[in-house]
1. Any idea which of (1) surrounded by fewer than 24 Cβ atoms within 10 Å (Cβ to Cβ); (2) within 30 Å of Thr64 (Cα to Cα) is the one Gly344 doesn't satisfy?
2. Can you confirm whether Thr64 is at pLDDT below 80, among the hydroxyl-bearing types (Ser, Thr, Tyr), surrounded by fewer than 20 Cβ atoms within 10 Å (Cβ to Cβ) and outside any helix (DSSP H, G or I)?
3. Residues to consider are Leu231, Leu189; find the one that is out of contact with any strand residue (DSSP E or B) (no Cβ under 6 Å at 6 or more places or on another chain), closer than 19 Å to Ala84 by Cα and surrounded by 13 or more Cβ atoms within 10 Å (Cβ to Cβ).
4. Could you please tell me which pairs satisfy a Cβ distance under 7 Å, a separation of 6+ or placement on different chains, a first residue in region 310-332 that is on the phi < 0 side of the Ramachandran plot and exposed (fewer than 15 other Cβ atoms within 10 Å of the Cβ), and a second residue that is part of a helix (DSSP H, G or I) and among the β-branched types (Val, Ile, Thr)?
5. Could you check Ala281 against (1) farther than 28 Å from Leu361 by Cα; (2) without any contact (Cβ under 8 Å) to a residue 12 or more places away in the chain and say which number it fails?
6. Give the residue, chosen from Ala271, Ala252, Ala244, Ala248, that is without any contact (Cβ under 8 Å) to a residue 24 or more places away in the chain and part of a helix (DSSP H, G or I).
7. Just to verify a result, which residue in region 276-294, among those that are under 17 Å from Thr323 (Cα atoms) and not small (Gly, Ala, Ser), is surrounded by the fewest Cβ atoms within 10 Å (Cβ to Cβ)?
8. crowded, with 22+ Cβ neighbours inside 10 Å, modelled with pLDDT under 85 and in a helix (DSSP H, G or I), is that true of Leu25?
Amino acid sequence: MDETAAAPVEPAWYRTLDATQWKTLLASNLGWVFDGFETYALVLTVGVALKQLLDASQLPQLPTYAGAIIATTLLGWAVGGISAGILADYIGRKRMMILAILTYSIMTGLSAFAWDWPSFAVMRFLVGLAIGSEWVTGTSMTAEFWPDRARGRGAGLFQCGFGIGFFLASVVWLFVGASGPGAWRTMCLIGVLPALLTLWIRRAIPESAMWEHASQRRRSAAARRFTLTELFADPITRSRTIVALLMAIASAIGFWAISTWVPPYVASVAAKAGLPAPQWASYAGMTYTAGTIVGYVGFGFLADAYGRKPVTLLFFALSLLLTPVLFLWVKDLSLLLVAAALLGCFASGQFTWMSTWLPELFATHLRATGAGFVFNASRVPAALGVLVAGALITAFGGFGNAATAIAAIYILGLIAAPFLPETVAKPLPT
(Lines give C-alpha, C1' and ligand atoms only; values in the text may rest on other atoms or scores of the structure.)
Protein backbone atom coordinates (compact mmCIF):
# COMPACT_ATOMS: atom_id res chain seq x y z
CA MET A 1 0.00 0.00 0.00
CA ASP A 2 1.33 3.42 -0.93
CA GLU A 3 1.46 5.42 2.30
CA THR A 4 2.41 8.54 0.38
CA ALA A 5 -0.85 8.60 -1.56
CA ALA A 6 -2.35 12.04 -1.69
CA ALA A 7 -5.20 12.85 0.66
CA PRO A 8 -8.66 13.13 -0.93
CA VAL A 9 -9.19 16.50 -2.58
CA GLU A 10 -11.94 18.53 -0.95
CA PRO A 11 -14.68 19.67 -3.34
CA ALA A 12 -14.82 23.32 -4.35
CA TRP A 13 -16.57 25.44 -1.72
CA TYR A 14 -19.54 26.26 -3.96
CA ARG A 15 -20.23 22.55 -4.54
CA THR A 16 -20.75 22.02 -0.81
CA LEU A 17 -23.77 24.35 -0.69
CA ASP A 18 -27.36 23.20 -1.09
CA ALA A 19 -30.31 25.00 -2.71
CA THR A 20 -31.58 26.39 0.61
CA GLN A 21 -28.24 28.03 1.39
CA TRP A 22 -28.13 29.68 -2.03
CA LYS A 23 -31.75 30.86 -1.76
CA THR A 24 -31.09 32.30 1.68
CA LEU A 25 -28.13 34.23 0.31
CA LEU A 26 -30.23 35.45 -2.63
CA ALA A 27 -33.02 36.69 -0.36
CA SER A 28 -30.57 38.47 1.93
CA ASN A 29 -28.66 39.95 -1.00
CA LEU A 30 -31.79 41.23 -2.77
CA GLY A 31 -33.03 42.86 0.42
CA TRP A 32 -29.67 44.65 0.74
CA VAL A 33 -29.73 45.56 -2.99
CA PHE A 34 -32.99 47.41 -2.44
CA ASP A 35 -31.61 49.06 0.70
CA GLY A 36 -28.68 50.31 -1.38
CA PHE A 37 -31.09 51.54 -4.03
CA GLU A 38 -33.14 53.51 -1.48
CA THR A 39 -30.05 54.97 0.14
CA TYR A 40 -28.40 56.19 -3.06
CA ALA A 41 -31.72 57.30 -4.55
CA LEU A 42 -31.93 59.74 -1.65
CA VAL A 43 -28.40 61.02 -2.30
CA LEU A 44 -29.26 61.53 -5.97
CA THR A 45 -32.65 63.17 -5.47
CA VAL A 46 -32.52 65.07 -2.19
CA GLY A 47 -31.43 68.31 -3.85
CA VAL A 48 -34.16 68.10 -6.49
CA ALA A 49 -36.78 67.25 -3.87
CA LEU A 50 -35.84 70.13 -1.59
CA LYS A 51 -36.07 72.63 -4.44
CA GLN A 52 -39.79 71.81 -4.44
CA LEU A 53 -40.30 71.36 -0.72
CA LEU A 54 -38.47 74.42 0.63
CA ASP A 55 -39.77 77.95 0.65
CA ALA A 56 -37.98 80.39 -1.63
CA SER A 57 -36.41 82.04 1.43
CA GLN A 58 -34.91 78.70 2.48
CA LEU A 59 -33.30 77.80 -0.85
CA PRO A 60 -29.95 79.51 -0.11
CA GLN A 61 -29.56 77.04 2.79
CA LEU A 62 -30.45 74.01 0.64
CA PRO A 63 -27.16 72.17 1.38
CA THR A 64 -27.84 72.50 5.10
CA TYR A 65 -31.32 71.06 4.73
CA ALA A 66 -29.98 68.25 2.50
CA GLY A 67 -27.41 67.36 5.14
CA ALA A 68 -30.16 67.35 7.76
CA ILE A 69 -32.30 64.98 5.66
CA ILE A 70 -29.40 62.55 5.19
CA ALA A 71 -28.44 62.79 8.87
CA THR A 72 -32.07 62.13 9.85
CA THR A 73 -32.09 59.02 7.65
CA LEU A 74 -28.89 57.79 9.30
CA LEU A 75 -30.38 58.39 12.73
CA GLY A 76 -33.42 56.32 11.77
CA TRP A 77 -31.04 53.68 10.41
CA ALA A 78 -29.29 53.50 13.78
CA VAL A 79 -32.48 53.25 15.83
CA GLY A 80 -34.13 50.78 13.46
CA GLY A 81 -31.10 48.56 13.11
CA ILE A 82 -30.54 48.23 16.84
CA SER A 83 -34.24 47.57 17.47
CA ALA A 84 -34.45 45.06 14.61
CA GLY A 85 -31.44 43.16 15.92
CA ILE A 86 -33.18 42.71 19.24
CA LEU A 87 -36.46 41.70 17.58
CA ALA A 88 -34.72 39.25 15.25
CA ASP A 89 -33.32 37.44 18.30
CA TYR A 90 -36.83 37.19 19.78
CA ILE A 91 -39.25 36.73 16.86
CA GLY A 92 -36.92 35.18 14.26
CA ARG A 93 -34.73 36.12 11.33
CA LYS A 94 -37.25 35.41 8.59
CA ARG A 95 -40.15 37.32 10.16
CA MET A 96 -37.96 40.34 10.82
CA MET A 97 -36.62 40.33 7.25
CA ILE A 98 -40.14 40.32 5.80
CA LEU A 99 -41.24 43.10 8.16
CA ALA A 100 -38.20 45.24 7.29
CA ILE A 101 -38.66 44.93 3.52
CA LEU A 102 -42.36 45.70 3.73
CA THR A 103 -41.75 48.73 5.93
CA TYR A 104 -39.07 50.39 3.83
CA SER A 105 -41.03 49.72 0.64
CA ILE A 106 -44.19 51.32 2.01
CA MET A 107 -42.46 54.28 3.65
CA THR A 108 -40.36 55.00 0.57
CA GLY A 109 -43.55 55.07 -1.52
CA LEU A 110 -45.22 57.40 0.98
CA SER A 111 -42.22 59.74 0.75
CA ALA A 112 -43.43 60.62 -2.76
CA PHE A 113 -46.36 62.44 -1.17
CA ALA A 114 -44.32 64.73 1.12
CA TRP A 115 -45.65 68.29 1.07
CA ASP A 116 -42.84 70.15 2.84
CA TRP A 117 -39.36 69.41 4.12
CA PRO A 118 -40.38 68.41 7.68
CA SER A 119 -42.82 65.81 6.33
CA PHE A 120 -40.09 64.54 3.99
CA ALA A 121 -37.64 64.33 6.90
CA VAL A 122 -40.11 62.33 9.03
CA MET A 123 -40.79 59.87 6.22
CA ARG A 124 -37.08 59.44 5.49
CA PHE A 125 -36.49 58.79 9.19
CA LEU A 126 -39.05 55.97 8.97
CA VAL A 127 -37.38 54.65 5.81
CA GLY A 128 -34.10 54.69 7.72
CA LEU A 129 -35.65 52.63 10.51
CA ALA A 130 -36.41 49.84 8.05
CA ILE A 131 -33.16 50.06 6.05
CA GLY A 132 -31.20 49.47 9.22
CA SER A 133 -33.45 46.52 10.01
CA GLU A 134 -32.76 44.53 6.85
CA TRP A 135 -28.97 44.30 7.17
CA VAL A 136 -28.99 42.63 10.56
CA THR A 137 -31.46 39.92 9.51
CA GLY A 138 -29.66 39.27 6.24
CA THR A 139 -26.22 38.99 7.77
CA SER A 140 -27.47 36.75 10.60
CA MET A 141 -29.30 34.40 8.24
CA THR A 142 -26.37 34.12 5.85
CA ALA A 143 -23.96 33.38 8.70
CA GLU A 144 -26.26 30.78 10.24
CA PHE A 145 -27.02 28.96 6.97
CA TRP A 146 -23.60 28.97 5.30
CA PRO A 147 -20.82 26.49 6.27
CA ASP A 148 -17.82 27.56 8.34
CA ARG A 149 -15.23 27.37 5.54
CA ALA A 150 -17.32 29.51 3.15
CA ARG A 151 -18.97 31.95 5.57
CA GLY A 152 -16.74 34.87 4.57
CA ARG A 153 -17.53 34.31 0.89
CA GLY A 154 -21.23 34.28 1.70
CA ALA A 155 -20.87 37.52 3.67
CA GLY A 156 -19.06 39.18 0.78
CA LEU A 157 -21.67 38.07 -1.74
CA PHE A 158 -24.38 39.33 0.60
CA GLN A 159 -22.68 42.65 1.27
CA CYS A 160 -22.10 43.45 -2.41
CA GLY A 161 -25.85 43.90 -2.76
CA PHE A 162 -25.54 47.39 -1.31
CA GLY A 163 -23.13 48.45 -4.07
CA ILE A 164 -25.34 46.86 -6.72
CA GLY A 165 -28.23 48.90 -5.33
CA PHE A 166 -26.17 52.08 -5.68
CA PHE A 167 -25.43 51.21 -9.30
CA LEU A 168 -29.08 50.43 -10.08
CA ALA A 169 -30.20 53.73 -8.55
CA SER A 170 -27.70 55.57 -10.77
CA VAL A 171 -29.01 53.80 -13.88
CA VAL A 172 -32.68 54.36 -13.03
CA TRP A 173 -32.06 58.04 -12.23
CA LEU A 174 -30.30 58.43 -15.58
CA PHE A 175 -33.69 57.81 -17.23
CA VAL A 176 -36.13 59.04 -14.60
CA GLY A 177 -34.19 62.21 -13.73
CA ALA A 178 -34.95 63.76 -17.11
CA SER A 179 -38.71 63.40 -16.67
CA GLY A 180 -39.17 66.74 -14.95
CA PRO A 181 -39.16 68.38 -11.50
CA GLY A 182 -41.33 65.59 -10.07
CA ALA A 183 -38.79 62.91 -10.98
CA TRP A 184 -37.81 62.45 -7.33
CA ARG A 185 -41.39 61.43 -6.53
CA THR A 186 -41.20 58.78 -9.26
CA MET A 187 -38.02 57.41 -7.71
CA CYS A 188 -39.83 57.11 -4.37
CA LEU A 189 -42.74 55.26 -5.97
CA ILE A 190 -40.34 52.82 -7.65
CA GLY A 191 -39.15 52.02 -4.15
CA VAL A 192 -42.44 50.22 -3.45
CA LEU A 193 -41.48 47.32 -5.73
CA PRO A 194 -39.28 45.44 -3.19
CA ALA A 195 -42.45 44.59 -1.25
CA LEU A 196 -43.08 41.90 -3.87
CA LEU A 197 -39.92 40.12 -2.69
CA THR A 198 -41.59 39.25 0.60
CA LEU A 199 -44.06 36.97 -1.18
CA TRP A 200 -41.17 34.81 -2.39
CA ILE A 201 -39.33 34.91 0.95
CA ARG A 202 -42.40 33.62 2.79
CA ARG A 203 -42.59 30.62 0.48
CA ALA A 204 -38.96 29.79 -0.32
CA ILE A 205 -36.87 30.56 2.77
CA PRO A 206 -37.02 28.58 6.03
CA GLU A 207 -36.36 30.00 9.44
CA SER A 208 -32.83 29.58 10.81
CA ALA A 209 -32.53 26.26 12.66
CA MET A 210 -29.86 27.79 14.92
CA TRP A 211 -32.27 30.54 15.94
CA GLU A 212 -35.11 28.05 16.53
CA HIS A 213 -32.91 26.02 18.89
CA ALA A 214 -31.78 29.16 20.71
CA SER A 215 -35.39 30.32 20.97
CA GLN A 216 -36.40 27.00 22.54
CA ARG A 217 -33.59 27.31 25.08
CA ARG A 218 -34.69 30.86 25.89
CA ARG A 219 -38.29 29.74 26.51
CA SER A 220 -37.16 26.87 28.73
CA ALA A 221 -34.70 28.95 30.73
CA ALA A 222 -35.82 30.07 34.16
CA ALA A 223 -34.40 33.54 33.58
CA ARG A 224 -32.37 35.23 30.92
CA ARG A 225 -31.34 38.84 30.58
CA PHE A 226 -32.70 41.14 27.90
CA THR A 227 -30.37 40.66 24.93
CA LEU A 228 -29.16 44.27 24.73
CA THR A 229 -28.37 44.18 28.46
CA GLU A 230 -26.55 40.87 28.05
CA LEU A 231 -24.17 42.41 25.51
CA PHE A 232 -22.66 44.46 28.31
CA ALA A 233 -23.15 42.08 31.26
CA ASP A 234 -20.62 39.40 30.31
CA PRO A 235 -17.04 40.75 30.33
CA ILE A 236 -15.93 38.93 27.17
CA THR A 237 -19.03 39.90 25.20
CA ARG A 238 -18.80 43.47 26.47
CA SER A 239 -15.18 43.76 25.38
CA ARG A 240 -15.95 42.41 21.91
CA THR A 241 -18.91 44.75 21.55
CA ILE A 242 -16.93 47.86 22.48
CA VAL A 243 -13.93 47.01 20.28
CA ALA A 244 -16.15 46.16 17.32
CA LEU A 245 -18.13 49.38 17.80
CA LEU A 246 -14.95 51.46 17.64
CA MET A 247 -14.03 49.73 14.38
CA ALA A 248 -17.54 50.26 13.00
CA ILE A 249 -17.38 53.97 13.84
CA ALA A 250 -14.16 54.23 11.83
CA SER A 251 -15.75 52.47 8.84
CA ALA A 252 -18.99 54.46 8.97
CA ILE A 253 -17.43 57.90 9.35
CA GLY A 254 -14.93 57.10 6.61
CA PHE A 255 -17.72 56.21 4.21
CA TRP A 256 -20.31 58.87 4.96
CA ALA A 257 -17.95 61.78 5.65
CA ILE A 258 -15.38 61.05 2.90
CA SER A 259 -16.66 58.72 0.21
CA THR A 260 -19.86 60.63 -0.47
CA TRP A 261 -17.72 63.62 -1.50
CA VAL A 262 -15.92 61.72 -4.28
CA PRO A 263 -18.33 62.62 -7.13
CA PRO A 264 -18.54 66.35 -6.30
CA TYR A 265 -14.76 66.52 -5.86
CA VAL A 266 -14.07 64.93 -9.25
CA ALA A 267 -16.74 67.21 -10.73
CA SER A 268 -14.96 70.28 -9.31
CA VAL A 269 -11.66 69.17 -10.86
CA ALA A 270 -13.39 68.63 -14.21
CA ALA A 271 -15.03 72.06 -14.04
CA LYS A 272 -11.66 73.73 -13.52
CA ALA A 273 -10.43 71.92 -16.64
CA GLY A 274 -13.38 73.26 -18.64
CA LEU A 275 -15.10 69.86 -18.84
CA PRO A 276 -18.77 69.09 -18.02
CA ALA A 277 -18.94 68.64 -14.24
CA PRO A 278 -22.16 66.56 -14.06
CA GLN A 279 -20.79 64.06 -16.56
CA TRP A 280 -17.55 63.58 -14.62
CA ALA A 281 -19.46 63.34 -11.34
CA SER A 282 -21.41 60.47 -12.92
CA TYR A 283 -18.19 58.83 -14.08
CA ALA A 284 -16.76 59.10 -10.58
CA GLY A 285 -19.88 57.66 -8.99
CA MET A 286 -19.92 54.67 -11.33
CA THR A 287 -16.22 53.87 -10.99
CA TYR A 288 -16.37 54.29 -7.23
CA THR A 289 -19.38 51.96 -7.07
CA ALA A 290 -17.67 49.40 -9.30
CA GLY A 291 -14.68 49.40 -6.94
CA THR A 292 -17.04 49.08 -3.99
CA ILE A 293 -18.66 45.93 -5.35
CA VAL A 294 -15.25 44.37 -6.00
CA GLY A 295 -14.20 45.27 -2.45
CA TYR A 296 -17.33 43.81 -0.86
CA VAL A 297 -16.93 40.45 -2.58
CA GLY A 298 -13.13 40.41 -2.48
CA PHE A 299 -13.01 41.02 1.26
CA GLY A 300 -15.09 37.92 1.96
CA PHE A 301 -12.95 35.66 -0.23
CA LEU A 302 -9.71 37.07 1.21
CA ALA A 303 -11.01 36.76 4.78
CA ASP A 304 -11.74 33.06 4.25
CA ALA A 305 -8.27 32.54 2.80
CA TYR A 306 -6.12 34.64 5.15
CA GLY A 307 -8.26 35.39 8.20
CA ARG A 308 -10.61 38.13 9.39
CA LYS A 309 -8.03 40.16 11.30
CA PRO A 310 -5.22 40.66 8.73
CA VAL A 311 -7.63 41.44 5.89
CA THR A 312 -9.56 43.96 8.01
CA LEU A 313 -6.29 45.68 8.99
CA LEU A 314 -5.24 45.77 5.33
CA PHE A 315 -8.48 47.45 4.25
CA PHE A 316 -8.24 50.06 7.04
CA ALA A 317 -4.61 50.84 6.14
CA LEU A 318 -5.25 51.19 2.41
CA SER A 319 -8.30 53.40 3.07
CA LEU A 320 -6.08 55.69 5.13
CA LEU A 321 -3.45 55.80 2.37
CA LEU A 322 -5.73 56.16 -0.64
CA THR A 323 -7.75 59.10 0.71
CA PRO A 324 -4.92 61.66 0.25
CA VAL A 325 -3.95 59.92 -3.02
CA LEU A 326 -7.37 60.74 -4.42
CA PHE A 327 -8.04 64.12 -2.84
CA LEU A 328 -4.52 65.66 -2.78
CA TRP A 329 -1.95 63.94 -4.95
CA VAL A 330 -3.64 62.84 -8.20
CA LYS A 331 -4.59 65.64 -10.61
CA ASP A 332 -5.15 63.86 -13.93
CA LEU A 333 -8.87 63.17 -14.40
CA SER A 334 -8.42 59.67 -15.82
CA LEU A 335 -6.17 58.70 -12.92
CA LEU A 336 -8.68 60.25 -10.53
CA LEU A 337 -11.25 57.71 -11.72
CA VAL A 338 -8.76 54.90 -11.07
CA ALA A 339 -8.08 56.30 -7.59
CA ALA A 340 -11.83 56.58 -6.97
CA ALA A 341 -12.31 52.91 -7.86
CA LEU A 342 -9.47 51.89 -5.55
CA LEU A 343 -10.79 53.98 -2.67
CA GLY A 344 -14.24 52.48 -3.21
CA CYS A 345 -12.74 48.99 -3.08
CA PHE A 346 -11.17 49.53 0.33
CA ALA A 347 -13.10 52.35 2.05
CA SER A 348 -16.54 50.96 1.19
CA GLY A 349 -15.53 47.34 0.64
CA GLN A 350 -14.28 47.19 4.21
CA PHE A 351 -17.88 47.07 5.44
CA THR A 352 -17.80 43.34 4.71
CA TRP A 353 -15.73 42.88 7.87
CA MET A 354 -18.95 43.50 9.79
CA SER A 355 -21.10 40.99 7.90
CA THR A 356 -18.23 38.47 8.10
CA TRP A 357 -16.76 38.94 11.57
CA LEU A 358 -19.61 40.22 13.74
CA PRO A 359 -21.88 37.12 13.54
CA GLU A 360 -18.90 35.00 14.63
CA LEU A 361 -18.39 37.00 17.83
CA PHE A 362 -21.79 36.50 19.46
CA ALA A 363 -23.80 33.48 20.62
CA THR A 364 -26.94 32.63 18.64
CA HIS A 365 -29.44 34.00 21.17
CA LEU A 366 -27.91 37.49 20.91
CA ARG A 367 -26.19 37.32 17.51
CA ALA A 368 -28.58 39.70 15.76
CA THR A 369 -28.65 42.02 18.78
CA GLY A 370 -24.84 42.23 18.87
CA ALA A 371 -24.33 42.61 15.13
CA GLY A 372 -27.23 45.05 14.86
CA PHE A 373 -26.00 47.20 17.73
CA VAL A 374 -22.44 47.47 16.41
CA PHE A 375 -23.38 48.03 12.77
CA ASN A 376 -26.10 50.57 13.47
CA ALA A 377 -24.94 52.46 16.56
CA SER A 378 -22.01 53.65 14.45
CA ARG A 379 -24.53 55.58 12.30
CA VAL A 380 -24.98 58.18 15.04
CA PRO A 381 -21.37 59.48 14.94
CA ALA A 382 -21.46 58.99 11.15
CA ALA A 383 -24.42 61.37 10.94
CA LEU A 384 -22.42 63.90 12.94
CA GLY A 385 -19.46 63.23 10.66
CA VAL A 386 -21.51 64.27 7.62
CA LEU A 387 -22.26 67.61 9.26
CA VAL A 388 -18.65 68.08 10.45
CA ALA A 389 -17.28 67.20 7.00
CA GLY A 390 -19.28 69.99 5.40
CA ALA A 391 -17.95 72.48 7.95
CA LEU A 392 -14.36 71.29 7.43
CA ILE A 393 -14.63 71.63 3.66
CA THR A 394 -15.71 75.23 4.15
CA ALA A 395 -13.02 75.89 6.78
CA PHE A 396 -10.20 74.32 4.73
CA GLY A 397 -11.36 75.90 1.50
CA GLY A 398 -11.79 72.65 -0.39
CA PHE A 399 -12.23 68.89 -0.32
CA GLY A 400 -8.60 67.74 -0.14
CA ASN A 401 -7.38 68.77 3.29
CA ALA A 402 -10.79 68.12 4.88
CA ALA A 403 -11.00 64.57 3.53
CA THR A 404 -7.43 63.80 4.56
CA ALA A 405 -8.07 65.08 8.08
CA ILE A 406 -11.21 62.98 8.45
CA ALA A 407 -9.36 59.90 7.10
CA ALA A 408 -7.39 59.84 10.35
CA ILE A 409 -10.45 58.05 11.77
CA TYR A 410 -9.12 54.87 10.12
CA ILE A 411 -6.30 54.87 12.69
CA LEU A 412 -8.97 54.05 15.27
CA GLY A 413 -9.83 50.91 13.31
CA LEU A 414 -6.18 49.93 13.02
CA ILE A 415 -5.72 50.26 16.78
CA ALA A 416 -8.91 48.41 17.74
CA ALA A 417 -8.96 45.45 15.31
CA PRO A 418 -6.06 43.48 16.91
CA PHE A 419 -8.12 43.12 20.11
CA LEU A 420 -10.79 40.93 18.49
CA PRO A 421 -10.24 37.14 18.30
CA GLU A 422 -9.55 35.47 14.95
CA THR A 423 -12.58 33.36 13.95
CA VAL A 424 -11.83 32.14 10.42
CA ALA A 425 -13.24 28.63 9.66
CA LYS A 426 -14.46 28.22 13.27
CA PRO A 427 -18.04 27.13 14.08
CA LEU A 428 -20.43 29.88 15.11
CA PRO A 429 -20.74 30.20 18.88
CA THR A 430 -23.99 28.71 20.09
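The values are calculated or read from the model by the stated rules, or taken from the named source; none is laboratory data. The shown structure was predicted, so the numbers you read here are calculated from the model rather than taken from an experiment. Note that we place each Cβ from the backbone using ideal geometry, even for glycine, and neighbour counts take in every protein chain shown.
1. (1)
2. no
3. Leu231
4. Hits for this filter: Leu328/Thr404.
5. In the conditions (1) farther than 28 Å from Leu361 by Cα; (2) without any contact (Cβ under 8 Å) to a residue 12 or more places away in the chain, Ala281 misses (2) alone.
6. Unique residue meeting the criteria: Ala271.
7. Looking at the filtered set, the residue picked out is Thr287.
8. no
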